[in-house]
Amino acid sequence: MKDLFFSIVTILRWMGRFLTGIRNLTLNLLFIGLIVFLVTALFSNSPKTDIVTSTSGALLLNLQGDIVEEKQSTAPLNTLINDTLGFNTLPSETLFQDILDAISEASVDENITSILLDLSNLGSVGLNQLQTIGAALTQFKSSGKKVIAAEDFYQQKAYYLASFADEIYLNPMGAVELHGIGTYRLYFKDLIDTLKINYNVFRVGTYKSAVEPLMRNSMSAATKSQNLSWLTPIWETIITDIIRERNLNKDSLQIYTNNIAEELSNAGGDTAVLALQSGLVDGLKTRQELRQLLIDINGKNNKESFKHITLNDYVKTIPLSFTGTPDENGSIGLIIAQGAIMNGKQPVGTIGGDTLAALIRKARLNTSINGLVLRVDSGGGSVFASEVIRQEILEYKKTGNPIVISMGSMAASGGYWIAADADEIWASTVTLTGSIGIFAAIPTFEGSLAELGVRNDGIGTTNLAASVNLSRPIPPSLKEALEINLHHGYEQFLNIVAKGRSITEQRVKTIAEGKVYDGKSAMQLGLVDKLGTLNDAIASTAQLAGLGTHFNAYYISRPLTMQEEFMHIFSTKITTWFSEVIPPVLLTMAAKLIAPLKEITLLNDPKNLYARCLIYDISL
């Protein structure tokens, strides 16, 4: 029996080794195959599509995906492989500055005869970005060239940008969507209670609404009132711009948005006819009629369509902004700070406290840099990470060189924490900023576990020995300590703003409490110095540095690691696959459900203190 048992064990051991060998061999072959594939692809003479710029035609301004300040998918290896293999995938992001550079160059490019706006795949975009692009289109029109917008259907954000065009066309089966703006969120109080999760919430600021979804089933009256205070001027800006560009009557636009059912009935139920009668579009054209119009303006190509070059192809042929090197006449460094603020090192698209501090330190140690602009587009996050960044900003100021903040769509809460000490703060009229307040939210699951018949018990040397054990209630003494620390953090925030902005702390208290402001209101309150674009902020920095108009501005950024480059390649392919297989409406619904849950993954502050503004879903 012993010999038989030994024989069986020996056989099983050899079978295990055999299977392990097969598995390792398979993985090695797959890895070698991947390397061979990449090397072959990169160094083969695969035919590439040439970008022809000698033939005149339209610039097809096809804005694909989210409009961002810094692209997550800018890996050179990704671009090289896509170009080499001829992958024609739509980008999930379009760089904001690329759009501005393309429009500017096209205005003086003799080969560009017009601009055609293609906004059918426009993703998330800030109103401040749309305003700046609109201003660039207005400048382009001054060259005598036309801007044409043509869509089957105009979403509100797309129509806002289209209003800057000379001519707007709509498919006879299409519609123009104008519905106003709002901010709506999911609330989880009932779910949390059902799951018996004990969410320990601490906050300072009556209007610090980031944690309301954990505490309530609806938006509080205070938050509704406060949100309306900034939603109203932003909507006024939108309709004012549309009325100006389209030469419309304000009353007619109000009627279109507020009495759509009655107006549609008067138009015989035809949404396209209603848009035409309301003056929102200049004509209704089928795709073939539109194609012929564009051929008449730009000429015909060899594919029986109009001559054109896409935005992605055009930017490969033109000089791009902020991509140079230090200039002997003087240089301004530009750092992009985009996304939630998290502790430690973080990838592009998220602001890592250590990552951003390292870039600011790099600028500080570079004697060729005479001034620094920090472009902030963030609703904040970790208090600790925000303070790490602020401390590095203070070190930079010791050089005597100016540091200026240029706010993007949002620079609130932790985003304002890192901005307060700058020499100047610039924003657009529709930037969302302020939200001066902090919170802590710590869930414990003793109730959930008890429902499953699981208990936690033990012993420690002190009543804090268990610390924050998620399977146990937070000890009362620790709760008290967290509350004290939270109030200390809030007082620290107030003090930072008071000193940085030269405002009395009492005055700061009246404008804090977690209140959010549009850029124009923030300037009136002293939270912002000037209103303008990124280029305005850069020019002001150069003036503060004594450089005049002869200087060079360039990006200071962290190079991508090889691992990040590979991740960009495969994540781009997966994203493209999802967009082709899953209906867009389902992807939109999933994004709305995931957004608030995604915030939980961003909570990595070592002290569980957060300065975060969760206005992530403005229905623009």
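Where a number appears in this text, it was derived from the coordinates with a stated rule and is not lab data. Please read all numbers here as calculations on a predicted model, not as lab measurements. Backbone-built Cβ (ideal geometry, glycine too); neighbour counts: all protein chains shown.
Does segment 408-417 include one or more residues that are buried (at least 24 other Cβ atoms within 10 Å of the Cβ), farther than 16 Å from Val516 by Cβ and not charged (D, E, K, R)?
No: segment 408-417 contains no residue that is buried (at least 24 other Cβ atoms within 10 Å of the Cβ), farther than 16 Å from Val516 by Cβ and not charged (D, E, K, R).
Which one of Ala150, Ala158, Ala165 is over 25 Å from Phe322 (Cβ atoms), within 18 Å of the chain's Cα centre (by Cα) and buried (at least 22 other Cβ atoms within 10 Å of the Cβ)?
Testing whether each residue is over 25 Å from Phe322 (Cβ atoms), within 18 Å of the chain's Cα centre (by Cα) and buried (at least 22 other Cβ atoms within 10 Å of the Cβ) leaves just Ala158.
Can you pull out the residues in segment 202-222 that are buried (at least 17 other Cβ atoms within 10 Å of the Cβ), among the charged types (D, E, K, R) and under 17 Å from Asp190 (Cα atoms)?
The one that is buried (at least 17 other Cβ atoms within 10 Å of the Cβ), among the charged types (D, E, K, R) and under 17 Å from Asp190 (Cα atoms): Glu212.
Yes/no matrix, rows are residues, columns are (1) polar (S, T, N, Q); (2) farther than 21 Å from Thr206 by Cα; (3) in contact (Cβ under 8 Å) with a residue 40 or more places away in the chain:
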residue	(1), (2), (3)
Thr462	yes, yes, no
Pro476	no, yes, no
Leu486	no, no, yes
Phe493	no, no, yes
Gln506	yes, no, no
Met523	no, yes, yes
Asp536	no, yes, yes
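Return the residue satisfying two criteria in turn: it lies in segment 283-338 and is assigned to a loop (DSSP other than H, G, I, E, B) and among the acidic types (Asp, Glu), and of such residues it is nearest to Ile99 (Cα to Cα).
Asp327
Of everything in segment 283-295 that's of a type in the set (D, E, K, R) and out of contact with any Leu (no Cβ under 8 Å at 6 or more places or on another chain), which residue is nearest to Lys307 (Cα to Cα)? Explain how you work it out, then say what you get.
Here is the first cut: in segment 283-295, the ones of a type in the set (D, E, K, R) are 285, 287, 289, 291.
With the extra rule that they be out of contact with any Leu (no Cβ under 8 Å at 6 or more places or on another chain), the set shrinks to 287, 289, 291.
On the way: Arg287: 16, Glu289: 16, Arg291: 10 Å.
Across segment 283-295, the extreme among qualifying residues is Arg291.
Tell me, which strands (runs of 3 or more DSSP E) wholly within segment 119-204 include 1 or more residues that are touching a helix residue (DSSP H, G or I) at 6+ places or on another chain (Cβ under 9 Å) and closer than 20 Å to Leu253 by Cβ?
So the answer is 146-151, 167-170.
Going by the conditions given, is Leu372 touching a helix residue (DSSP H, G or I) at 6+ places or on another chain (Cβ under 8 Å), surrounded by 24 or more Cβ atoms within 10 Å (Cβ to Cβ) and farther than 20 Å from Tyr610 by Cα? Steps first, please.
Details: touching a helix residue (DSSP H, G or I) at 6+ places or on another chain (Cβ under 8 Å): yes; surrounded by 24 or more Cβ atoms within 10 Å (Cβ to Cβ): yes; farther than 20 Å from Tyr610 by Cα: yes.
Yes: the conditions hold for Leu372.
Determine the pairs where a residue that is free of Cβ contacts under 8 Å to residues at least 60 places away in the same chain, located within segment 295-316, has a partner that is part of a helix (DSSP H, G or I) and surrounded by 15 or more Cβ atoms within 10 Å (Cβ to Cβ) with Cβ atoms under 7 Å apart, the partner being 6 or more residues away or on another chain.
Qualifying pairs under 7 Å: Ser305/Arg291.
Pick from segment 411-460 the residues that are outside any loop (DSSP other than H, G, I, E, B) and without any contact (Cβ under 8 Å) to a residue 40 or more places away in the chain: which of them is farthest from Gly339 (Cα to Cα)?
Per the criteria, the residue is Leu449.
Being in contact (Cβ under 8 Å) with a residue 60 or more places away in the chain and within 20 Å of Leu547 (Cβ to Cβ) is the filter here, so list the residues in segment 372-402 that pass it.
Leu372, Val373, Arg375, Asn401, Pro402
Considering only residues that are more than 16 Å from Gly414 (Cα to Cα) and among the charged types (D, E, K, R), look in segment 345-369 and name the one that is surrounded by the most Cβ atoms within 10 Å (Cβ to Cβ).
Once the filter is applied, the top-ranked residue is Arg364.
Could you tell me whether Leu280 is part of a loop (DSSP other than H, G, I, E, B), under 24 Å from Phe153 (Cβ atoms) and touching a residue at least 60 places away in the same chain (Cβ under 8 Å)?
yes
Check segment 341-348 and report whether any residue there is closer than 24 Å to Gly434 by Cβ and not in a loop (DSSP other than H, G, I, E, B).
Looking for residues that are closer than 24 Å to Gly434 by Cβ and not in a loop (DSSP other than H, G, I, E, B), one finds at least one in segment 341-348, hence yes.
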